[in-house]
Amino acid sequence: MNAHLKTLVIWLVVIAILVIGYQIFNTAGTPSRELDESEFYSLVEANEIKEVKITGDVIGYEIEGEYKEPRRLVDGGREYKTFKTYVVKNEALTATLRERGVTVKTEPPRDASFLTLLLTWSPILLILGIWIFFMRQMQSGGNKAMSFGKSRAKLTSSSGKKVTFKDVAGVEEAKEELDEIIAFLREPQKFQKLGGKIPKGVLLMGPPGTGKTLLARAIAGEANVPFFSISGSDFVEMFVGVGASRVRDLFDQGKKNAPCIIFIDEIDAVGRHRCAGRGGGNDARDKTLTKLVVEWDGFETNDGVILVAATNRPDVLDPALMRPGRFDRQVVVGSPDVRGREEILKVHSRKIPMDPNVDLAVIARSTPGFSGADLANLVNEAALYAARLDRNSVKMEDFEVAKDKVLMGVERKSLIISDDERRATAYHEAGHALIAFLLPGADPVHKVTIIPRGRALGLTMQLPEDDKHTYSKQYLESTLTVLMGGRVSEEIHLGQLTTGAGNDIERASNMARKMVCEWGMSEKLGPITFGKKEEQIFLGREISQHRDYSEDTAQEIDREVRQIVDRSYAEARRILEANREALIRIAEALLERESLDGHQIDLLTEGKELPAAAPVRSNRAPEVTKDSASSEKDHGRDDDKEHWLPGS
């Protein structure tokens, strides 16, 4: 509740209490008798009046006094009662009263004092104040019954902290597209002299975390025009028709403040295909979208109102939104390249004290696939880790620890693992690492660990040397061979199969099936796509796959998938058997140190000794409690969350 409104309510309550109290005390005691004029004169003639107080006005006299009550005895005398009366103005009245021995007191005519007015009008003022209070509450708080149809768009203030294009990095092409719109708003004559028209809409689309909303905030900071921001979900309400009313109110505000920019974040919440869902779709959402496209570019024009929207699902938007004249420009905000990542790191590390040895270019090269939000989180985690160690600046090793935490998860050093499981995990991860090092087409090994992280008992992290946008068949086959390396290593050196390779087998099977059915990499089946996907538009995910091929073709697909996986399995076995000693050295080093980086893997593969290292905190189970080994069977040997599948 507003502070001024609270004060008003408190004063109204105090005044009401005072008025009620005054009226109670003022009317306390014996009530006065009301006499008419003839009865008053009769009492005067009978000498029953003791004293009077006369207050004159223009028409007559208001008389208060005491008279003797007949037939009532009090201590042998007559009891006196008070009375009130009003008589017509009479000059001889006072002379008659004096002749009868009545004590006469006179007062001037009464004026309407402030207290009298307050007492008279206070009940009305109290009722009026309470009514105003409840009306304001209904409009601004509570259930907001009076403001359902009003737009919830926020007008960005020019006095607050601004975000400009200097704070946005890694998306230079998108900045150029948006900078042209800002220039048009500043100097429209420059473009209109050649017949150009300002775009009516710009759609920012890209994966989550790439900076779409940040770009919109930068537009608000750069443009010297009103900037309205609203989320797509703000149009959706439990009452039908509210969304369309809010759209109408939003564009009414835009017309009043034209030229202006309206930004709708996550427009897919209201802009999905109309009548595309099961059961006829969502009628309220369809009406809201229809009102949006009509207000935006319908029969009436909205010159000077530019709509900027952001979404990470452009495939589900209605075609009426995507046509020219509405979203004239569709700006793709993708993941940054190595130069963009370096610029983003510079932006986020401006206010962080950095050690002179920190090389942001090296960090940028070692973080392929990171979005702007991932890099911001990386810098923040490094700063938090340095602060935890009471350092005055952030060092390079802080960034390495933060990168491992972001990529692989937090270390779970408190999880107790038996010696048999530690050995199985070490040989499993050694198989991944050795094959990744020896295969020419595989990504280089960044780090190998048998310390549990997240839901994994061990991890082998590979980082590509360059950003990859397409993947060759050789690269995919090398990736499959690396995935099979963990299972083959367990089978060769431990003579048993464990559930630790479950995630590896699942990923390998999915990749091999995509190579056959989607990417046309099968020699027998050729460049043909098999299986038509059907997606539920409101769920945004695949719910079924329609088989558009025969049963014989399905069997042929299964044989091709099996052959691809079997070839990778055989290749992994050949490599590990040929380099058995190197595999043992890597596994034993993991059992001793628990973590190895890429350089140490190189030394062990070449047969060189590792430099001495400080002792590590082990997850090994105590020898005296052999039965205390962890029995968490739902943990895979390695999730390999950081080594994402191409095309997945």
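What to note about this one:
- Within the option set Ser371, Ser349, being of a type in the set (Ser, Thr, Tyr) and touching a helix residue (DSSP H, G or I) at 6+ places or on another chain (Cβ under 6 Å) holds for one residue only, Ser349.
- Highlighted here are the helices (runs of 4 or more DSSP H) found entirely within region 275-366 that include at least 2 residues which are open to solvent by less than 20 Å² (accessible area, probe 1.4 Å), in contact with a strand residue (DSSP E or B) (Cβ under 9 Å, 6 or more places away or on another chain) and modelled with pLDDT under 85: 283-297.
- Taking the listed residues Ala174, Ala153, the one that is buried (at least 18 other Cβ atoms within 10 Å of the Cβ), modelled with pLDDT under 80 and either under 25 Å from Ser233 (Cα atoms) or in contact with a strand residue (DSSP E or B) (Cβ under 7 Å, 6 or more places away or on another chain) (or both) is Ala153, with no other qualifying.
- Counting only residues that are buried (at least 19 other Cβ atoms within 10 Å of the Cβ) and either part of a loop (DSSP other than H, G, I, E, B) or among the basic types (Lys, Arg) (or both), region 406-422 holds 1 of them.
- Within region 436-449, tally of residues that are in contact with a Leu (Cβ under 7 Å, 6 or more places away or on another chain) and in a helix (DSSP H, G or I): 0
- Inspection of region 374-385 finds a residue satisfying the criterion of being open to solvent by 50 Å² or more (accessible area, probe 1.4 Å) and charged (D, E, K, R).
- Residue satisfying condition, being modelled with pLDDT of 85 or more and among the polar types (S, T, N, Q), within set Ser418, Ser472: Ser472
- Among the residues examined, Asn377 does not qualify as of a type in the set (S, T, N, Q), at pLDDT 90 or above and farther than 16 Å from His348 by Cα.
- Here is the figure for region 498-508: residues that are surrounded by fewer than 18 Cβ atoms within 10 Å (Cβ to Cβ) and within 21 Å of Ala436 (Cα to Cα) total 3.
- Each residue in region 163-199 was checked for being under 27 Å from the mean Cα position of the chain (by Cα) and not β-branched (Val, Ile, Thr), and 12 of them qualify.
- Yes/no for Gly271 being within 20 Å of the chain's Cα centre (by Cα), at pLDDT 80 or above and under 30 Å from Pro368 (Cβ atoms): no
- Leu459 vs. criteria open to solvent by 10 Å² or more (accessible area, probe 1.4 Å) and touching a strand residue (DSSP E or B) at 6+ places or on another chain (Cβ under 7 Å): no
- Cβ-Cβ contacts under 9 Å between residues 6 or more apart (or on different chains), taken from a first residue in region 382-406 that is over 12 Å from Ile352 (Cα atoms) and touching a residue at least 24 places away in the same chain (Cβ under 8 Å) to a second residue that is part of a helix (DSSP H, G or I) and open to solvent by 70 Å² or more (accessible area, probe 1.4 Å), are listed as Ala402/Asn380; Ala402/Leu384.
- Within region 589-637, the set of residues being in a strand (DSSP E or B), under 29 Å from Leu439 (Cα atoms) and at pLDDT 50 or above comprises Ser595, Leu596, Asp597.
- Any hit, region 575-588, residues being modelled with pLDDT of 85 or more, more than 30 Å from Ser472 (Cβ to Cβ) and either in a loop (DSSP other than H, G, I, E, B) or open to solvent by less than 30 Å² (accessible area, probe 1.4 Å) (or both): yes
- When residues of region 229-264 are limited to those that are under 25 Å from Gln189 (Cβ atoms) and part of a strand (DSSP E or B), the one modelled with the highest pLDDT: Ile262
The values are calculated or read from the model by the stated rules, or taken from the named source; none is laboratory data. Small disclaimer: the values here were computed from a predicted structure and weren't measured. Note that each Cβ is placed from the backbone with ideal geometry, even for glycine, and that neighbours are counted across all protein chains shown. Please note that ligands, DNA and RNA were not included when accessible areas were found on the heavy atoms of the full protein model with its side chains. Shrake-Rupley method; radii C 1.70, N 1.55, O 1.52, S 1.80 Å.
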